[in-house]
Amino acid sequence: MRLPNAAHESRPWRIREITPDFILEDVWTLPVHGGAEDFQALVEIAVSSDPAHAESLPTRVLWDIRDRLGGWLHLGRISTPVDSGQAGAAGKLPIPGKHETSLAGRLPDDLRGTAADLHFASLPFTPLYRTDVEFAAELSNRTVHGVMHLAWVDQGAGIYQGQMAVYVKPRGLLGKGYMELIKPFRYWIVYPALMRQIERTWSALPPSNG
C-alpha cells in the first residue's frame, strides 16, 4: 500500500540528513512483519531481488523493455549490477546539480562501511549504509540519481513492519519526463507485483528464533 510522504518524514530516519536535496518520490508499506532482529532478512530479500525473472509477466516485459531501451539510448541499463564495471554504473555521472558522483561521501562516520558486505545480485544499486532499522542503496543512470530506503518501523509490542521509500533527483527535462512516463506503470504494475513477490518470499522464510 502506498503511504503519504509524511509516514516517512515524521520519523528520524538517517537517510533524510543525507538526501536533503532529493525528492521523496514514493513511500510504501511492505507486507512483512517481524521482530526487531528480523530486519536483516528483509535486506537480504532486497539485494537478491531479480525483477527480470519475476513471476509477474507484465513486470518481466516492462523490465526487459526498459533494459533494452536503456542500452540502445545509453540511459543506463537496469539489470546490470553497479559493481559489474559497466559504463552505465553508478558513480560515473555526477549527482544532478553537484560535483559528487555518489552519496557515500555524505555519510557520517558511524554509517561508513556498514553495508560493505552487501552486494546486489541483479539490480544496479550500490549499498550505502545499514543500521538495525535502516538500509539505503543508490543507483545512477542518465535519467536519474535515486535512492532506495528500507526501514523497519516499530509497531509496538515488539512487532515491526517493513517500509520502503524512494528518493530521486532527475537529470534535467529528460529525467523529469521519464519519471512521469513510467509513474503509472510503477504504481499499477511494478510495485504491486513487487509487493506480492516480497510477501511470498517472506512467508517462505523459516520462523525466527527471536
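Roughly speaking, what is the centre-to-centre gap between the stretch 25-50 and the stretch 116-161 when only Cα atoms are used, to the nearest Å?
The stretch 25-50 and the stretch 116-161 have Cα centres spaced 9 Å from each other.
Give me the extension gain from residue 203 to residue 101: residue separation times 0.36 nm, minus the current Cα-Cα distance, reported in nm with one decimal.
Here the segment from residue 203 to residue 101 would lengthen by 33.0 nm.
For the stretch 101-200, what class follows from the C-alpha gyration tensor (a ≥ b ≥ c being the square roots of its eigenvalues): rounded when a/c is under 1.5, otherwise prolate if a/b is larger than b/c, else oblate?
Oblate, since a/c reaches 1.5 and b/c is not below a/b.
Which order do you get for 38, 21, 109, 154 if you rank them by accessible area with a 1.4 Å probe, largest at the top?
So, going from the largest accessible area down, we get 109, 154, 21, 38.
In whole Å, what are the extents of the stretch 107-152 along the principal axes defined by its C-alpha atoms, from largest to smallest?
31, 22, 20
The values are calculated or read from the model by the stated rules, or taken from the named source; none is laboratory data. Because the structure is predicted, anything quoted here is derived from the model rather than measured. What goes into the accessible areas is simple: the full protein's heavy atoms, side chains included, and nothing from ligands, DNA or RNA. Shrake-Rupley method; radii C 1.70, N 1.55, O 1.52, S 1.80 Å.
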